[in-house]
1. Over the stretch 476-531, consider all pairs of different Cα atoms and compute the Kirkwood hydrodynamic radius from their mean reciprocal separation; express it in Å, one decimal.
2. Write down the Kirkwood hydrodynamic radius of the stretch 24-106, to one decimal in angstroms, obtained as one divided by the mean of 1/r over all alpha carbon pairs.
3. In vacuo Debye scattering of the stretch 107-190, one point per C-alpha: log10 I(q)/I(0) at q = 0.19, 0.20, 0.21 Å⁻¹?
4. For the stretch 60-149, just list the percent of Cα-Cα distances falling in each 5 Å bin from zero outward, please.
5. Filter K545/K605; K559/K605; K391/K472; K605/K652; K575/K646 down to the pairs with a C-alpha to C-alpha distance above 20 Å, please.
6. Taking 0.36 nm per intervening residue step and subtracting the Cα-Cα distance, what contour gain separates H573 from A371 on full extension?
7. Check cross-link reach from K691 to the aspartates and glutamates: straight Cα distance under 14 Å, and skip same-chain residues fewer than eight apart.
8. Using per-residue counts of other Cβ atoms within 10 Å, averaged over each peptide, order 179-188, 253-262, 56-65 from highest down.
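The values are calculated or read from the model by the stated rules, or taken from the named source; none is laboratory data. Note that the coordinates shown come from a computational prediction; the quantities given were computed from them, not determined experimentally. Glycine gets a Cβ as well: all are built from the backbone with ideal geometry, and neighbour counts include every protein chain shown. Surface accessibility is based on the protein's heavy atoms, side chains included, excluding ligands, DNA and RNA. Shrake-Rupley method; radii C 1.70, N 1.55, O 1.52, S 1.80 Å.
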Amino acid sequence: GELLLSALGGEKVTEAPLTLQVKNKAPAEVQITAEQLLREAKERELELLPPPPQQKITDVEELNDYKLRKRKTFEDNIRKNRTVISNWIKYAQWEESLKEIQRARSIYERALDVDYRNVTLWLKYAEMEMKNRQVNHARNIWDRAITTLPRVNQFWYKYTYMEEMLGNVAGSRQVFERWMEWQPEEQAWHSYINFELRYKEVDRARTIYERYILSSALRCLPTHRCFLNVALLVIVHPDVKNWIKYARFEEKHSYFAHARKVYERAVEFFGEEHMDEHLYVAFAKFEENQKEFERVRVIYKYALDRIPKQEAQNLFKNYTIFEKKFGDRRGIEDIIVSKRRFQYEEEVKANPHNYDAWFDYLRLVESDADAETVREVYERAIANVPPIQEKRHWKRYIYLWINYALYEELEAKASTKTLGQVYQACIELIPHKKFTFAKIWLLYAQFEIRQKNLPLARRALGTSIGKCPKNKLFKGYIELELQLREFDRCRKLYEKFLEFAPENCTSWIKFAELETILGDIDRARAIYELAISQPRLDMPEVLWKSYIDFEIEQEEYEKTRNLYRRLLQRTQHVKVWISFAQFELSAGREESLSRCRQIYEEANKAMRNCEEKEERVMLLESWRNFEEEFGTDTTKERIDKLMPEKIKKRRKLQAEDGSDAGWEEYYDYIFPEDTANQPNLKLLAMAKLWKKQQQESEAAEADPDKDIDESQS
């Protein structure tokens, strides 16, 4: 058109494209949903086509014409796609419906040439022959099928079933035999066995079981008419469950000896490397049914000793049930102990350094097992030495050695040599340069003493002190010598002990008490003097108290006063002052009251500058109690004037980060003596009173009417 316009000299007219614009974008008033569209389509039935008209055939020519058209349609479909087996099957079934068996057979044969591996094709072909009672043809087809596809079990099942339905038992058995040569799955063997049992052929069924399970080198087979050429057969399915099925088959048919022999051969066949708890459970239940309870017990114990514990849970359960039903109390306890032993074995295998599990395990075997078993478990336990040389890791481990030694001595009644070796092995194992255990050394020494071997006991304790001195070792050694009344040795040991730990106040006190008991007062006093002169002590207050009590017992009151004075030079603690005053009161002399009151006076003066006001209050309360019991009215009045006033105050708190944390209330004490010595406090009180009066006068001037009303009223 453009060329024509140009040829005619015309001009090309171009039109602008139309753009559709939606003016109203609001939703329509009537909305149509998908559900409505489907409902209308269903009501109108738009998709339904009318059925084709029925064709009635009235004569032979029309029938032949119909067959021709139909066959042509089938042939065209096959020609289009030969591999679609459904077209072949429909074609053959249509011919079969017309009783054209030869034609249907020909179609099936043509289809098999196309795809002989199609299982459905073979099945339809054979079913057609059987349906039309063509038995030989059906046999031929089944034979061809199992020859071509021997691993398709459905062909074998159909073939044997057909022969059995026809009453051809021998033929069915022959088919089964051909099938078994291919070593099929388990269900095929069971089908063969059930077939023989349906015809009461128990011996043949037993023979099939033998072929099903056993090998070509069968051992210990009994000579029986049912075992036919068994030695030439092969293993097919030597599983535990199949052995059990075989044994139950024999048991079901009351061949109990044969069943027992099957179980025994199964146990021998699998050996100890491939043991299965299900086999032993079934064997035990069989013997239980035969009332052979001792055999059952032997079977369970044999299996439990050899099967790994984590795989024997069901075995434990059945053994427990059996013992509860038929066993005595001892048998039930044995199985419970075995179960607990298994649990402990699993725990120590999972973590060999779990010493708590070892303790529980040892406690169990000690209560039930013999000495050799207990000794073996102890050896296994102590072999797990802690990998780190830190005392906290060794604390639980060392008790294994202690329990081992005590067991050997008390329970196993081991020889002296054996026990000595246990202790020595433990002592050699401990790294004494880093840490030691005084308990082991002391137990070893006590053991040697029980064996009346005192030199070895002293040598062991001396070695321990030389290698790794500890307070417990010194105390134990000293206690031993005290029991033996070897006081000179005790003195030497105390000297060594105090050289090792001069800050130990308890040792100084015990040493002094020993000398006091022996009647050597001067040595005891010298020991106390030496003790309080030490630059560092762990409990100096206990030492001083012991020294003071010692002097009081000796009735050396002047020396006791000197000790108190010396102690007060070191500390001004309120308890020391109170103790000093009570000592003076208990001295029992005429001037004791005045001395006691004088001590309280000194203490009160000394504690005026003390920051701890509670201690000063404690002193005054003790003084008041003294005056109430022994004082006069004057002294009582004086001490009452010295008692402080308890007032409540507030103070500001600060948090750890320095911020304000609020206020808290606390109680403070104001002593009269401190108020008298500080005139500023009186001035401050007068200032507060003046300020209060000023506020009252200002309030009166601000509201004079109120004062007039008050005066009139």
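1. On the way: mean 1/r = 0.0894 Å⁻¹.
With all distinct Cα pairs of the stretch 476-531 included, I get 11.2 Å.
2. The Cα-based Kirkwood calculation yields 17.5 Å.
3. -0.82, -0.90, -0.98
4. So the P(r) values, bin by bin, are 3, 14, 25, 24, 17, 10, 6, 2, 0.
5. Beyond 20 Å: K545/K605; K559/K605; K605/K652; K575/K646.
6. Answer, rounded to one decimal: 66.4 nm.
7. none
8. Details: 179-188: 14.6, 253-262: 16.9, 56-65: 9.7.
Going by the mean number of other Cβ atoms within 10 Å, highest first, we get 253-262, 179-188, 56-65.
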